[in-house]
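What follows is a short report on a single structure.
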Amino acid sequence: MALLILGILPSSLAFTATLEPLQNRVDRNESALLDLAITNTGKVPDSYNIGMVDGLWEVSSQPVYAYQSEYGVDVAPGETVHTTLYLRPILQLPYGTYSIPFEIGAKQEKTLQSRSAIVSLRSADEVALVRAYQPTVQVDVQLPNRGLLDPREEAIIAIKMDNQNPLNLSALRIVVNSQLINYNLSTRLAPLEQRTEQFRVSFDALEAPRKDQLTVVLFRDDEVLKTVRQQYEIIAYSSLSREQQEESSLLGVVHHKTLTLRNDGNIARTETVALPASWFNRLFSGASSGHIVKDNQYVWSLELSPGQQVQLQVTTNYGLLVLMLVLAGAVIVLYYIYRSPLIAIKEASVDVHDERDVSEMKILLFIKNRSGRQLPNVRVLDKVPHIAELTDEVIVGTLRPVKMSRSSDATIVEWVVPTVEPYEERIISYKIRSKLSIIGMFNLPPAMLKFKHRGDKERVVLSNALKSTECASED
């Protein structure tokens, strides 16, 4: 009895089912052997029932509960389970070829798939004659690293064959398949020859970790000589690549810092990333969303799936700072351009002074030209309070007043300084005497400077005012 596989497209992608012959020639008194492989491609565990709609054949299974049982075959997500089916004709069927249909149903997904095996029934003499010359080949599959495969590396799979009969096997075909590996090659075996065939397999570097089964079938024409199954596993690995770039624009006013992260592993990865950010820089900086500030750093907590790439950026714009500095510089320049070239400081010292009585006081007026220009005809005016009078004492080295006039509350004294040279400081001093004993304190009003600078418009500058308590004593 010869078996061939006829595939019917599944009604759903929740699982796949394949039938492979294990014993392909039997007579009426023997059982044909089939291997049924069920792979759960869904996301939840499921149970699968196996049934046959043709009543001409007696079917049993190993394990025994797999066929026409309420239990069915349990398969976890991503796994493959194999079941051996035994077929024997119930009636004395004529020799010939029969198509035997099977149905495989998923309980959870409630989907159904059909698979058929074509059975060729022969006489006992014909089967015995064929088996007398039936080839026997031992096959061994060798995987690198004991079947633990790194998807980043190329895997070399070796298939060792040993022809144990004195038969010349010239038209052999090896079919290798799994969820990730599919390969076909042709070979030959001389009588009693041992031969090793190798092929290379490459995976997607980001292939997720999984366990899989590699099935190797050795065919002679359409006849299966040997089927070997080998478990292997795609291992998990973790790798993170970092690339940091910095660039500036607008003459360095805007600074960009970009950190690119990529999960080059095949499993998800949690990563904490930090970029320095001082408190000063944070005043002018912005960062990619999702960050927190900790220990003068921008900190992100990232969940990276396999192959995922993330860019984190910190942009520092000193434009506002530059603008503030420019404005401050402009204010300073304008201040120096338009400030008064003359300043006046008024000081006083007491000649006769006790804790309660002030009788005579010396007044000092400091006039300073802080510009680089000569200032002509500077008029200096100061007021002497009505409770005091200007003394006639001549102070050596100082200008004498050119004019004195009285107002309702003070005597106005005026001096004229012909020229004040650039950066020159002049001192005018005079003494006043109180007309009465003064108890407590009194005020000295500010002195006034009048001059012309950069045009005909007269400018006025005032000195500081004084209180008697701010006057120094002269013993």
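Restricting region 385-411 to residues that are assigned to a loop (DSSP other than H, G, I, E, B) and among the aliphatic types (A, V, I, L, M), the residue that is surrounded by the fewest Cβ atoms within 10 Å (Cβ to Cβ) is V396. Here is a check on your reading of the model: is Y335 in a helix (DSSP H, G or I) and at negative phi? The answer is yes for Y335.
Within region 289-306, residues that are farther than 17 Å from T258 by Cα reach partners that are exposed (fewer than 12 other Cβ atoms within 10 Å of the Cβ) with beta carbons closer than 8 Å, at six or more positions or on different chains, in the pairs N296/P276; N296/S278; N296/W279; E303/T270; L304/T270.
Residues of region 68-106 that are part of a strand (DSSP E or B) and charged (D, E, K, R): D74, R88, E103. Here's a check for you: in region 228-283, which residue that is part of a loop (DSSP other than H, G, I, E, B) and polar (S, T, N, Q) is surrounded by the most Cβ atoms within 10 Å (Cβ to Cβ)? Filtering region 228-283 for residues that are part of a loop (DSSP other than H, G, I, E, B) and polar (S, T, N, Q), the one surrounded by the most Cβ atoms within 10 Å (Cβ to Cβ) comes out as N266. Against the conditions (1) part of a strand (DSSP E or B); (2) at pLDDT 90 or above; (3) farther than 30 Å from V378 by Cα, G286 satisfies every one except (2).
When you check L121 against the structure, is it more than 24 Å from Y65 (Cα to Cα), hydrophobic (A, V, I, L, M, F, W, C), outside the structural domain of D212 (by TED's automatic domain parsing) and surrounded by 16 or more Cβ atoms within 10 Å (Cβ to Cβ), yes or no?
yes
Only residues that are assigned to a strand (DSSP E or B), over 17 Å from R152 (Cα atoms) and among the aliphatic types (A, V, I, L, M) were counted in region 168-218, giving 12. Just one of the numbered conditions (1) touching a Pro at 6+ places or on another chain (Cβ under 8 Å); (2) within 30 Å of A277 (Cβ to Cβ) is not true of Q311: (1).
The residues listed here are N281, N266; of these, the one that is within 18 Å of N317 (Cβ to Cβ) and among the polar types (S, T, N, Q) is N281. Taken over region 197-216, residues that are under 15 Å from V139 (Cα atoms), out of contact with any Asp or Glu (no Cβ under 9 Å at 6 or more places or on another chain) and not acidic (D, E) amount to 3.
Of the residues S239, S249, which single one is modelled with pLDDT under 90 and in contact with an Asp or Glu (Cβ under 7 Å, 6 or more places away or on another chain)?
Only one candidate qualifies: S239.
Please count how many residues of region 289-310 are over 30 Å from P151 (Cα atoms), in a loop (DSSP other than H, G, I, E, B) and within 15 Å of the chain's Cα centre (by Cα). Of the residues in that region, 2 qualify.
When we screen L192, L180, L185 for residues that are among the aliphatic types (A, V, I, L, M) and surrounded by 14 or more Cβ atoms within 10 Å (Cβ to Cβ), the only hit is L180. I'd like to know if region 286-299 contains one or more residues that are polar (S, T, N, Q) and surrounded by 14 or more Cβ atoms within 10 Å (Cβ to Cβ). Looking for residues that are polar (S, T, N, Q) and surrounded by 14 or more Cβ atoms within 10 Å (Cβ to Cβ), one finds at least one in region 286-299, hence yes.
Confirm whether I332 is of a type in the set (V, I, T), in the same structural domain as I395 (by TED's automatic domain parsing) and modelled with pLDDT of 85 or more.
no
Beta carbons closer than 9 Å, at least 6 apart along the sequence or on distinct chains, never pair a first residue in region 158-170 that is outside the structural domain of V201 (by TED's automatic domain parsing) and crowded, with 17+ Cβ neighbours inside 10 Å with a second that is assigned to a strand (DSSP E or B) and among the hydrophobic types (A, V, I, L, M, F, W, C). Taken over region 59-79, the residue count meeting the criterion of being closer than 14 Å to A14 by Cβ and among the aromatic types (F, W, Y) is 0. Residue check: is R356 among the charged types (D, E, K, R) and either modelled with pLDDT of 90 or more or surrounded by 14 or more Cβ atoms within 10 Å (Cβ to Cβ) (or both)? So R356 fails the test.
The values are calculated or read from the model by the stated rules, or taken from the named source; none is laboratory data. Keep in mind that this is a model prediction, so the values were computed, not measured. No Cβ is skipped: glycine too gets one built from the backbone with ideal geometry, and neighbour counts run over all protein chains shown.
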